[in-house]
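*Asks:* Let me begin by handing over the structure; questions about it come next.
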Amino acid sequence: MAIPIRPIPVVTGDDAVRFIEAAERAERNAHTVELGMSQEDFNKIMAKAQLY
């Protein structure tokens, strides 16, 4: 019989509500990513990395 390495966490309360809201928001906007930075900053980073 297999023993799990660690238990699966259960999200409850306010954390669960925030998780569901974020998941639904991500599902509605499947082609967007929240970067946590401005588009200008992202472009500078990518230009410096020479990947963009």
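*Asks:* Only residues that are assigned to a helix (DSSP H, G or I) and open to solvent by 100 Å² or more (accessible area, probe 1.4 Å): list them for segment 1-24, please.
*Replies:* ASP14, ARG18, PHE19
*Asks:* Evaluate segment 25-46: report whether one residue or more is over 20 Å from the mean Cα position of the chain (by Cα) and of a type in the set (Gly, Ala, Ser).
*Replies:* So far as segment 25-46 goes, no, none of its residues is over 20 Å from the mean Cα position of the chain (by Cα) and of a type in the set (Gly, Ala, Ser).
*Asks:* For segment 25-44, name all the residues that are assigned to a helix (DSSP H, G or I) and open to solvent by less than 90 Å² (accessible area, probe 1.4 Å).
*Replies:* Matches in segment 25-44: ALA26, ASP41, PHE42, ASN43.
The values are calculated or read from the model by the stated rules, or taken from the named source; none is laboratory data. Predicted model only: the values in this text are computed from it and were never measured. These accessible areas exclude ligands, DNA and RNA; they are computed on the full protein's heavy atoms, side chains included. Shrake-Rupley method; radii C 1.70, N 1.55, O 1.52, S 1.80 Å.
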